[in-house]
Amino acid sequence: MITIREIKQMQATSEKYRSEGKKIGFVPTMGFLHEGHLSLIRQMRPLCDILVVSIFVNPTQFAPSEDLEQYPRDFERDEKLCRNENVDIIFYPDSGQMYPAPYATYVHVENLTDTLCGASRPGHFRGVTTIVTKLFHIVKPHLAIFGEKDFQQAVVLKKMVVDLNFDVKIMTGPIIREEDGLAMSSRNKYLTANQRRQATIIYQSLQKAQEMVKAGERNSEVIRKYIIDNINRIPETKIDYVAVVNETTLKPVVQIDHHSVIALAVYIGSTRLIDNVRLNTIR
Ligand code: PAF
């Protein structure tokens, strides 16, 4: 495994592998890897010849009030984990290279980005689509994979790839959960022990909602209200949003069907956590 820090070197390396007919698989990350990232790496490993993982805490997807400085980082640990998973290349650029001043060019996907997380984090998805575009130009992957915990991000990136004719196949990997159901996230590290216990209410509520749907409930408002009331019972929680939406358009649905997704964002103390469940198993 090698670590590449220079954009030009990464581009030249990918070009060389492409000219040899090698298939490049890509797992973009912001580092501080956990089982969720490792599962994406494991999913991608058998599908490609050259596996690239990028580690870059992307400043443009954080608002000035958000946790960019605090965001957990541990490159040495990430490096060991990648080596254990047979990663071929870590791309680890610095911010000055990725956004040379005066930086002026951004990618924006309309409609899908001003709802759900986009409503409470204006500019977030512009940052994500910009960095992923840049990474695609640098890493030149044939395949790229994103986690389903960031459900809206995956929908937005799939749309971007179609609209901008990127020759990259986008895959997604399932949410990986702790034993008590909490979706794995680098931000779980911010929770105190007490908040960590309270955070289990998120998946418990989603699971119960899923059961209600399986039992025949199709009214999205009944489901939303159940989740909101259940989460509000827990002292340190504050709901950002709970929504039942179509899996492709992200538009709210009234009558639940097998294209519906329940998505939510909840603060536990000052930590904002997201989660979702797909309702496509219902018949
Ligand atoms: O999902 C993430 O970790 C980030 O949003 C991504 C896709 C690596 C872009 O910075």
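The values are calculated or read from the model by the stated rules, or taken from the named source; none is laboratory data. Small disclaimer: the values here were computed from a predicted structure and weren't measured. So basically every Cβ, Gly included, is an ideal-geometry build from the backbone, and we count neighbours across all protein chains shown. Side chains included, ligands, DNA and RNA excluded: accessible areas come from the protein's heavy atoms. Shrake-Rupley method; radii C 1.70, N 1.55, O 1.52, S 1.80 Å.
Say the dipole of the stretch 126-183 comes from +1 at the beta carbon of Lys and Arg and -1 at that of Asp and Glu; which of Q153, V128, N165 then lies farthest toward its positive end?
N165
Where in the stretch 121-164 does the label zone of H108 land, with the point 7 angstrom along Cα→C-beta and an amide N cut-off under 14 Å?
Residues 122-130 qualify, since their backbone N sits under 14 Å from the label point.
Identify which of L81, L40, L164 has the largest mean-square fluctuation in a Gaussian network model of the chain, with springs joining Cα atoms closer than 10 Å.
Evaluated over the chain, the most mobile residue of the options is L164.
Got a number for the accessible area of S270? Probe 1.4 Å, square angstrom, nearest 10.
Accessible surface of S270 is approximately 110 Å².
State to the nearest 20 debye the size of the charge dipole of the chain about its Cα centre, where the only charges are +1 on K and R beta carbons and -1 on D and E beta carbons.
300 debye
Along Cα→Cβ, 7 Å out, is where each label goes; now give me the distance between the ones at D67 and K208 in nm to one decimal.
2.6 nm
What pairs in K158/K251; K214/K238; K134/K251; K80/K158 have C-alpha atoms more than 20 Å from each other?
K214/K238; K134/K251; K80/K158
Could you do me a favour and compute the accessible area per residue for the chain, 1.4 Å probe, result in Å²?
Spelled out: the 1.4 Å probe surface of the chain, per residue, equals 47 Å².
Take H137, H258, H37 and sort them by solvent-accessible surface of the protein heavy atoms, 1.4 Å probe, largest at the top.
From most accessible down to least: H137, H258, H37.
Rounded, prolate or oblate, given the Cα gyration tensor of the stretch 1-104, with a/c below 1.5 counting as rounded?
Oblate shape, in that a/c is at least 1.5 and b/c is the bigger or equal ratio.
Share of the chain's accessible area from carbon and sulfur, percent, 1.4 Å? Walk me through the numbers before you get to the answer.
On the way: 6710 of 13440 Å².
Accessible surface attributable to carbon and sulfur in the chain totals 50 percent.
Out of the stretch 8-105, which GluC sites (Glu not before Pro) are coil in DSSP terms and have no more than 15 other C-beta atoms within 10 Å?
E20, E66, E69
Report the FRET efficiency, 1/(1 + (r/R0)^6), for K22 and N84, where r is their Cβ-Cβ distance and R0 is 25 Å, rounded to 0.05.
Here the calculated transfer efficiency is 0.70.
So how far apart, in nm, are the two label points at D240 and K169 if each is 7 Å from Cα heading toward Cβ?
Modelled inter-label distance: 3.2 nm.
Check which residues have an amide H placed less than 5 Å from V107's amide H, if you skip close sequence neighbours.
Long-range HN contacts for V107: T130.
Build a GNM of the chain with springs between Cα atoms under 10 Å: which of E236, E179, E247 gets the top mean-square fluctuation?
Per the Cα network of the chain with a 10 Å cutoff, E179 tops the list.
If I take every Cα pair under 8 Å that is 6 or more residues apart in the stretch 166-247, average their sequence separation and divide by the length, what percent do I get for the relative contact order?
Worked out over the stretch 166-247, it gives 22 percent.
Looking at the stretch 157-254, which chymotrypsin sites (Phe, Trp or Tyr not before Pro) are DSSP coil and have at most 10 other C-beta atoms within 10 Å of their C-beta?
For chymotrypsin sites (Phe, Trp or Tyr not before Pro) across the stretch 157-254 that sit outside H, G, I, E and B with at most 10 neighbouring Cβ atoms in 10 Å, the list is empty.
Compare the Cα positions of H37, N111, V277 along the charge dipole of the chain (+1 at Cβ of Lys, Arg; -1 at Cβ of Asp, Glu; about the Cα centre) and return the one farthest towards the positive end.
V277
Please check: in the Gaussian network model of the chain (C-alpha springs, under 10 Å), which one of G269, G36, G147 has the largest mean-square fluctuation.
Sorting by GNM fluctuation, first place goes to G269.
With the contact rule set at Cα under 8 Å and sequence spacing of 6 or more, what percent relative contact order holds for the stretch 137-209?
That works out to 28 percent.
Whose amide H sits under 5 Å from the amide H of T172, counting only residues 5 or more places off or on another chain, with H placed in the peptide plane?
Here F146 satisfy the definition.
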